[in-house]
Amino acid sequence: MSAQPTSSTLSSAADADVLIVGAGPAGLALACALDAAGISSLLLEQQDSASLSAPPEDGRDIALTHRARQVMQQLGLWQRLPSSSVAPLREARVLDGEATSFLQFGAKDGHSAGQPLGWLVPNHLIRQAAHDEARSRAKLRIECGARVTALALNDDMARVSLADGRSLQAPLVVAADSRFSETRRRAGIGAAMRDFGRTVIVARVAHEGDNQGIAWECFRYGNTLALLPMNGGQCSAVITARSDQAASWLALDDAGFAERVQQQAGSRLGALRTASARHAYPLVAVYAHRFTAQRFALVGDAAVGMHPVTAHGYNFGLYGVQVLARELAAARRAGTDLGAGPALQRYDAEHRRVTLPIYLGTNAIVSLFTDERTPAKALRKAVLTVAERVPPFSGLIRRAITRQLTGEVAAA
């Protein structure tokens with residue numbers, strides 16, 4: 001993404017160098033990265049302009065890694081975030097069942113002293129920053145109310161048809177239209193989907209005590225509760241419950257919701273009260289069979305849609321943006337076709353190498369720590385006990401779990 005812009009080699013028959021389907025935070029970030037490399041893009045978004053320019057609060061708070069922050073800074077997104085809404089994640093603690101002891105992760109597990117594991121930022125503010133940065137770039141175009149109805153990937157050009165009857169073409173089409181991407185399907189790319197049969201319920205809770213930048217991951221019996229430390233004396237409460245039980249969480253009034261969270265969180269943060277509306281999302285993890293095809297690529301959740309327990313969704317989106325933009329910039333400098341195979345193949349290989357182990361590892365952790373059968377409960381207690389007390393196995397387990405939490409390999 002450090003490539004200097006060069007003169008465009010855009011064919012007169014093309015509407016842009018790259019057509020990006022979906023102007024979510026991944027699609028917008030990619031458009032900014034391509035613009036920095038002198039590659040023109042046209043973003044096609046189904047939403048209207050008003051919805052895109054003022055994203056509503058959706059309850060989700062995103063944990064960003066050091067690499068993700070670096071990418072956002074390079075693109076000008078990080079600088080647009082209100083500093084008061086960026087909360088440092090200094091430590092993570094994992095609890096199992098009704099146990100009072102916990103497994104602790106922090107700077108000693110692979111991060112420089114004084115440096116946080118990452119940062120927590122409200123999702124709608126990330127979307128706002130990405131939109132505002134994209135709009136500030138004069139050559140970057142966004143077309144709202146544009147619904148793609150067909151896709152053709154030909155030897156010479158990729159073409160999309162829109163619901164209004166128009167046809168657009170470019171050397172490359174990139175799908176960034178969610179984990180349930182219709183564009184991915186139209187390209188003939190399948191995906192491994194894991195429906196966990198669970199629903200994620202998110203809301204802010206205010207608390208009397210100081211959260212100290214500590215995230216709590218409580219694998220309770222019956223549901224999982226995560227408390228993510230935000231600024232202003234608040235945490236983001238993330239409840240993962242069986243979908244047939246989610247309604248009971250949503251039916252509670254604010255006092256009842258805070259009381260139930262309090263029961264599961266204990267007295268660690270003092271008295272709690274509900275501080276926002278609740279939002280619910282079905283929990284489905286997705287991993288595309290391929291990230292590229294002829295004149296086609298996937299980024300963001302269209303490529304990898306993660307379980308939220310390790311909070312890597314947008315991080316992986318940014319990693320993919322960084323790699324794909326780098327490869328396309330190299331192709332532009334070499335004067336080669338942006339939709340040709342080699343650049344896309346290198347992106348596919350690198351993004352798969354980075355994401356697949358964490359995707360599989362996250363699903364394995366979720367399977368173990370949400371299994372309510374007696375043997376699984378015994379095994380997860382044993383894993384945490386060994387990780388906490390038994391060297392040298394504790395180092396191995398800590399590094400494995402730290403990698404799931406941060407996307408990085410912890411130091412020995």
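Summing Lys, Arg as +1 and Asp, Glu as -1, what charge do residues with Cβ under 11 Å from the Cβ of residue 151 carry, residue 151 excluded? Within the 11 Å Cβ shell, the charges total +4.
For residue 271, the shell of other residues with beta-carbons less than 13 Å away shows a net charge of 0, using +1 for Lys and Arg and -1 for Asp and Glu.
Taken over segment 165-253, the ratio of Cα radius of gyration to 2.2 N^0.38 Å equals 1.62. The mean of 1/r over all pairs of different alpha-carbon atoms in segment 208-251, once inverted, gives a Kirkwood hydrodynamic radius of 11.5 Å. Accessible surface of segment 196-271, 1.4 Å probe: 48 percent of it comes from carbon and sulfur atoms. For residue 276, the residues 5 or more places off, or on other chains, whose built amide H falls under 5 Å of its own are 204. Compared with the direct C-alpha span, the chain from residue 279 to residue 144 gains 46.0 nm at full extension, assuming 0.36 nm per residue. Karplus-derived 3J(HN,Hα) values for segment 61-66, using 6.51 cos²θ - 1.76 cosθ + 1.60 with θ = phi - 60°, are 10, 9, 8, 9, 7, 4 Hz; glycine and proline are entered as x. Shown in residue order for segment 30-44 are the 3J(HN,Hα) couplings computed by the Karplus curve 6.51 cos²θ - 1.76 cosθ + 1.60 at θ = phi - 60°: 4, 4, 5, 5, 5, 4, 5, 9, x, 10, 7, 9, 10, 8, 10 Hz (x for Gly and Pro). Residues whose amide H lies under 5 Å from that of residue 218, counting only those 5 or more places away or on a different chain, are 95, 225, 226, 227; hydrogens are built 1.01 Å from N in the peptide plane.
Sorting the segments 291-299, 193-201, 226-234 by their residues' average number of neighbouring beta-carbon atoms within 10 angstrom, most packed first, yields 291-299, 226-234, 193-201. Remark on segment 172-325: ratio of C-alpha radius of gyration to 2.2 N^0.38 Å is 1.22. Put simply, the C-alpha atoms of segment 248-374 give a gyration tensor, and the ellipsoid matching it has half-axes of 41, 17, 12 Å, longest first.
Above 29 Å, the calculated P(r) of segment 111-261 contains 46 percent of its Cα-Cα pairs. Remark on residue 296: its backbone amide H falls under 5 Å from those of 173, a criterion applied only to residues 5 or more positions apart or on other chains, H modelled at 1.01 Å from N. Using only alpha-carbon positions in segment 281-349, the gyration tensor eigenvalues give semi-axes of 26, 12, 7 Å once each is multiplied by 5 and square-rooted (largest first). For segment 206-221, the Karplus equation 6.51 cos²θ - 1.76 cosθ + 1.60, evaluated at θ = phi - 60°, returns couplings of 8, 9, 6, x, 8, 6, 6, x, 9, 9, 10, 10, 10, 8, 6, 7 Hz by residue, with Gly and Pro reported as x.
The values are calculated or read from the model by the stated rules, or taken from the named source; none is laboratory data. On a predicted model such as this, the values are computed, not experimentally measured, just so you know. With ideal geometry, Cβ positions are generated from the backbone for all residues, glycine too; neighbour counts draw on all protein chains shown. Side chains are part of the model used for accessible areas, which takes the heavy atoms of the whole protein and leaves out ligands, DNA and RNA. Shrake-Rupley method; radii C 1.70, N 1.55, O 1.52, S 1.80 Å.
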